[in-house]
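One structure is given here, and the rest of the page talks about it.
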Amino acid sequence: MATDNPIGEYLRARRELVQPEDLGLPDLGGRRRVPGLRREEVAMLAGVSADYYVRLEQGRDQHPSEQVIEALGRALRLDGDGVAHLRKLAIPTARRRRPSRRPERVPAGILELLDSLRETPAYVYGRYMDVLAANPLATALVPYYRVGINLVRASFLDPRVGDAHGDYERVTESSVASLRALTGPDVDDPQLEELVGELSVRSERFRQLWARHDVKPKRSGRTRIDNPQVGPLELGYEKLPIADTDRLTLVLYHAEPSSRSAQALALLASTVAAADEAERPVGK
């Protein structure tokens, strides 16, 4: 998976996803040999020479200026996250932060916080989207929110993802785009290579999505979760970067006060608390 030309791969992948008619380009006739835009069309839209754009895609020039990055972003219809990713890829390799090889550890204070949140599902995932910590309510809400589970792998290989979220297309797209956002240009990271290699062998859909080079950090929003114990819940979620860590993220779920989902979440929390109390040794 490692490449000597990450910026060229990204430009080519994004170029193939843009249709000429979406940009009002004239039909020049003839059968297109490649999907999406031609190189010369991207160059024209970005206001650079075709020769210079070819050098970028071929890796003969890997460090375009900020002005060129912004122009390419407009030409390829990149959103803010896509332009930011292109900007990172343009940073000379010697100046990039090398991927950490240290084990991912959740700060003790965050672990205490998770334990104290008895009515709020909460978990922590790391830079490869492995679940590193989760409180009992999070695991009761979604069974694969459990320490040791990789959320990207689960999205493609665990049928419980479809049971919980239903929208398989959206979940898989989001997980791959989030992994790209977390790892950034660190494509030579051995742990990332292992994960991508495994999923590329086991899932055709993963191969297709990974080849798109979509980049979209996971952010706060709303979702629907079907829970086998209390039924469907409409929940908000907050994704908070944990300070002084290497891309660890705290995720919290919450329901609208007095809603049916709030009542269902409270019922689930009471069920978890009762189970915990039943398992606790006498006198503890």
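Descriptive notes on the structure:
- Taking all C-alpha pairs of the chain, those more than 33 Å from each other amount to 34 percent.
- Within the chain, helix-based [θ] at 222 nm, where runs of 4 or more DSSP H residues each add -39,500 (n - 2.57), nearest 500: -14000 deg cm²/dmol
- Electrostatic dipole magnitude of the chain [Cβ: Lys, Arg +1; Asp, Glu -1; Cα centre; debye, to 20]: 500
- Proximal charge balance of Phe156 [Cβ under 9 Å; K/R count +1, D/E count -1]: +2
- What the phi angles of the stretch 224-232 give under the Karplus curve with 6.51, -1.76 and 1.60, with θ = phi - 60°, is a coupling list of 10, 10, 8, 9, x, 8, 10, x, x Hz, glycine and proline written as x.
- Surface share of carbon and sulfur [accessible, 1.4 angstrom probe, percent] for the chain: 51
- In the context of the full set of protein chains, the chain has a per residue accessible area of 53 Å² (1.4 Å probe).
- Sequence ranges 171-180, 63-72, ranked by mean other-Cβ count within 10 angstrom, highest first: 171-180, 63-72
- The H on the amide N of Leu233, modeled in the peptide plane, is under 5 Å from the matching H of Ile225, Asp226, Asn227, each at least 5 residues off or on a different chain.
- The accessible area of Val48, taken with all protein chains in place and a 1.4 Å probe, comes to roughly 30 Å².
The values are calculated or read from the model by the stated rules, or taken from the named source; none is laboratory data. What you see is a predicted model, and the numbers here were worked out from it, not measured in a lab. So basically every Cβ, Gly included, is an ideal-geometry build from the backbone, and we count neighbours across all protein chains shown. Accessible surface areas use protein heavy atoms only, side chains included; no ligands, DNA or RNA. Shrake-Rupley method; radii C 1.70, N 1.55, O 1.52, S 1.80 Å.
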